[in-house]
Amino acid sequence: MTGAPAIANAGDGGVVSLDYGLASTMLALGEIPRAVVSLRNWAEWVVEPAMPPDVVDLGTTSEINLEVLTSIRPSLILSTPFLAALDEKLARIAPVERFTIYAEHAEALDCSYAETLRLGTMIGRPKETKAFLSHADAAFDRLRERTKSLSAPPVAVINFIDSRHARIYGGPGLFGGAMKRIGIENAWKGETSYWGFQTIGLEQLAELDEEAHLIVVSPLLPPDVLTQLSDSPLWTSLPFVRQRRISVIPGVLMFGMVEEALRFSTLVVDTLETAAR
């Protein structure tokens, strides 16, 4: 990897991002990436903010189109440890900076703040970065106050994998960190990876606090999974199903950064307020 001083000697094609969270953070700081991986799936998995139309799709993370990347002549490539095996190839094209959000013994939200500061300096947006993080802090504080006034129940957050399995979120991951930040108790007390989730059988949801509210993050996979589960004795016996304490929220990037943590937190508090009415 090379540092920021080398950027001036690189191409003039702008900054490209091989990570959704870094690309989203660039947008939050007022900088449009020149190219992004897996752009065709952005609207499904990131949802907001929308990506401007002129951004180039670099293909998937498993098959990055190096010819397109080379033709862009980027000034900087933003990457993560997940793509470390590509560093040597990428470094022949432009300086590579690796950003670490998800790692052993690290809290994703804390790392997101630190790496946002580093990214903002690197792309020449230090003032915008300070303003963005100050806005995020104030927004998190407001959400925490709303949570207090709600006397919010414990919350479990899942994605369905199929009609028998789900990812459940917590621990050091972004969703878990966001819930801590706004004062919501995570109903899932089990272990998670440093990515912040654990894959479980739906029967394990019976272990949740009886007062828990289940929040399902879209997209629903398969799309009719809740309809399928309505015929399951196991599912219909769960307290949050019997008492209709289950909500579906729009897609949020679970492996994002500050922008995604704030959007997730806002959706969760809005959902709990609606349910309390």
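The values are calculated or read from the model by the stated rules, or taken from the named source; none is laboratory data. Everything numeric here is computed off the predicted structure, so don't read it as measured data. For neighbour counting, all protein chains shown are included, and Cβ atoms are generated from backbone atoms with ideal geometry for every residue, glycine included. Ligands, DNA and RNA are stripped out before the accessible areas are found, and what is left, the full protein with its side chains, is counted by its heavy atoms. Shrake-Rupley method; radii C 1.70, N 1.55, O 1.52, S 1.80 Å.
Data overview
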item: For the chain, size of Cβ-based charge dipole, Lys and Arg +1, Asp and Glu -1, in debye; result: 480 debye
item: Solvent-accessible area per residue, Å², over the chain with all protein chains present [probe radius 1.4 Å]; result: 47 Å²
item: FRET efficiency, 1/(1 + (r/R0)^6) with R0 25 Å, evaluated for residue 32 and residue 63 via beta carbons; result: 0.55
item: Label-zone membership for the range 245-277, site residue 210, 7 angstrom Cα→C-beta point, backbone N under 20 Å; result: 245-246
item: Sum of -39500 (n - 2.57) over DSSP H runs of 4+, divided by residues of the chain (222 nm, nearest 500); result: -11000 deg cm²/dmol
item: Sulfur and carbon atoms: percent of accessible area, the range 113-152 [1.4 Å]; result: 55 percent
item: Within the chain, percent of DSSP bridges classed antiparallel, to nearest 5; result: 30 percent
item: For the range 143-277, fraction of C-alpha pairs farther apart than 23 Å, in %; result: 26 percent
item: Order by protection proxy (mean Cβ within 10 Å, highest first), peptides 151-163, 223-235, 168-180; result: 168-180, 151-163, 223-235
item: Cα pair distances exceeding 17 angstrom across the range 191-268, given as percent; result: 55 percent
item: Compactness of the chain as Cα Rg over 2.2 N^0.38 Å, two decimals; result: 1.07
item: Counted charge near residue 247, where neighbours are those whose Cβ lies closer than 12 Å (Asp, Glu -1; Lys, Arg +1); result: 0
item: Overall form of the range 126-180 per C-alpha gyration tensor (a/c, 1.5; a/b vs b/c); result: oblate
item: Helix runs (DSSP H) in the chain reaching 18 Å along axis by Cα, Kyte-Doolittle at least -0.5; result: 108-122, 258-276
item: Förster radius 45 Å - calculated FRET efficiency between residue 134 and residue 84, Cβ distance, rounded to 0.05; result: 0.90
item: Protection-proxy order for peptides 15-22, 113-120, each taking the mean of Cβ atoms within 10 Å per residue, highest first; result: 15-22, 113-120
item: Ranked by how many other beta carbons lie within 10 Å on average, peptides 68-74, 182-188, 271-277 from highest; result: 182-188, 68-74, 271-277
item: Fraction in percent of alpha-carbon pairs per bin - 5 Å, the range 61-156; result: 2, 10, 15, 16, 15, 14, 10, 7, 5, 3, 1
item: Normalised per residue, the volume of the convex hull around the Cα set of the range 186-229 (Å³); result: 103 Å³
item: Approximate spin-label separation residue 118-residue 180, in nm, with each point projected 7 Å along Cα-to-Cβ; result: 2.0 nm
item: Local electrostatic count at residue 120 - Lys and Arg +1, Asp and Glu -1, tallied over other residues with Cβ under 12 Å; result: +1
item: Fraction of accessible area attributable to carbon and sulfur, the range 9-101 (%, probe 1.4 Å); result: 49 percent
item: Links that overshoot a 29 Å alpha carbon limit, given the list 148/189; 89/180; 127/189; result: 89/180; 127/189
